[in-house]
1. Restricting attention to strands (runs of 3 or more DSSP E) lying wholly within the range 1-55, give those where 3 or more residues are touching a residue at least 24 places away in the same chain (Cβ under 8 Å) and within 16 Å of the ligand (Cβ to nearest atom).
2. Suppose we keep only residues that are part of a strand (DSSP E or B) and within 16 Å of the chain's Cα centre (by Cα) within the range 94-125. Which one would you say is surrounded by the fewest Cβ atoms within 10 Å (Cβ to Cβ)?
3. Being buried (at least 21 other Cβ atoms within 10 Å of the Cβ) and small (Gly, Ala, Ser): is that true of Ala189 here?
4. Might you check whether a residue that is within 22 Å of Leu73 (Cβ to Cβ), at pLDDT below 95, aliphatic (A, V, I, L, M) and within 16 Å of the ligand (Cβ to nearest atom) occurs anywhere in the range 285-297?
5. Just give me the residues in the range 108-148 being among the charged types (D, E, K, R) and modelled with pLDDT under 95, in sequence order.
6. So, in the range 66-82, exactly how many residues are out of contact with any strand residue (DSSP E or B) (no Cβ under 7 Å at 6 or more places or on another chain) and under 17 Å from Ile129 (Cβ atoms)?
7. Return only the number of the condition from (1) over 30 Å from Tyr59 (Cβ atoms); (2) away from the ligand (no atom under 15 Å from the Cβ) that Glu107 does not satisfy.
8. Among the numbered criteria (1) assigned to a helix (DSSP H, G or I); (2) crowded, with 21+ Cβ neighbours inside 10 Å, which one does Leu195 miss?
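The values are calculated or read from the model by the stated rules, or taken from the named source; none is laboratory data. Model, not experiment: these values are computed from the prediction. Cβ placement follows ideal geometry from the backbone for every residue including glycine, while neighbour counts extend to all protein chains displayed.
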Amino acid sequence: MSHRSNAREGILVGCGNPLLDISATVPMHFLQGYGMKEDDAILAEERHMPIYRELVENYKAEYLAGGSVQNSLRIAQWILGQPKVAVFFGCVGKDNYADILREKAREAGVDAHYQVSTDTPTGTCAVLITGTHRSLCANLAAANKFTIDHLKQPANKALVDNALYYYISGFFLTVNPPSIMSVAATANAKQRPFLMNLSAPFISQFFMEPLLKVMPYVDIIFGNEAEAHAFATTQGWPADADLREIGKRLVALPKINSARPRIAILTQGCDPVLLIQHDTVQEFEVTRLAVHEIVDTNGAGDAFVGGFLSQYVQDKSLDVCIRCGNYAARHIIMNPGCTYSGEPDFV
Ligand code: 26A
């Protein structure tokens, strides 16, 4: 790994669900058979459990490191080129899948400190690729066993206290809101940025209560257009509110540290990224990929955040952070899952 930055070790802390992605290209009827849609992201219910075995047995599935926050941190590390800038917490099982995740995190330079559940297997995520779409079905398993005790252990607490930037996905609201609140409170007490992601429409639909509880602590909120619209609908905002209007309303939600106004960054596939601050909206163009250049869009949103974070922790301007987000997303779309190839060439 060539060092491309001199960010300090442990400057960025993330918490999330460490998942192993089981990814395959499938026909539409496979999705329909499980009541799933293109570009869904859902939690597995009992009826989804056969998916994982079917993907392996009938669709030549590939195993890839996944989990939204861990993806973002791996990508940030790839761009930074300097190990252990990012620290990750999450819960895995005691099994071969955990070993794979641990190895992938290490290779990428992420300093992963997993809690280990001895009675539950490592979580997996079925990634169903249909053309340029991807549908996700997560079986959290051990990831769901994460407890706040893990963050309170002295060595881990020191890592949290020592960071200057914090990133947690909305996905983690399904697992452990008290841990999120605790990290958010630490960030706030030390006046350090706390970043969050809307993650998936179902988070706004079913986890709005804990999401609204943490929102006052959120300095930067990320999301894509479907997630932003789901948030707006659940809030009962006007049905004709467009993405710009939703962004303005997101940044205007109550905030504890009013000296640092919230920023919203909303992505919309190959359409421009919106940066919303106060009541101004700036657009950042995305270079459109040709269909034949697209391998799969799994992890594109995570990679965007990873690219963003790699610059943000170096105190670069938002404009540079967003350009790097777009760079990383583009690269990841041209590779399977949230993986990269070669050295980054972001300038
Ligand atoms: C709680 N849920 C549903 C999830 C996820 C998730 N990561 C954390 N929690 N559902 C899917 N993912 C991950 O998202 C990545 C693509 O953005 C997948 O593992 C995949 O790598």
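1. Numbers: elements: 12-15, 19-25, 41-43.
Here the list reads 19-25, 41-43.
2. If we take residues in the range 94-125 being part of a strand (DSSP E or B) and within 16 Å of the chain's Cα centre (by Cα), then Ala112 is surrounded by the fewest Cβ atoms within 10 Å (Cβ to Cβ).
3. no
4. Going residue by residue through the range 285-297, those that are within 22 Å of Leu73 (Cβ to Cβ) are 295-297.
With the extra rule that they be at pLDDT below 95, the set shrinks to 295-297.
Checking which are aliphatic (A, V, I, L, M) leaves us with 295.
Those still in the list that are within 16 Å of the ligand (Cβ to nearest atom) too: 295.
There is at least one residue in the range 285-297 that is within 22 Å of Leu73 (Cβ to Cβ), at pLDDT below 95, aliphatic (A, V, I, L, M) and within 16 Å of the ligand (Cβ to nearest atom).
5. Listed by number, the list holds a single entry, Arg134.
6. 1
7. All conditions are met except number (1).
8. Of everything listed in (1) assigned to a helix (DSSP H, G or I); (2) crowded, with 21+ Cβ neighbours inside 10 Å, Leu195 misses just condition (1).
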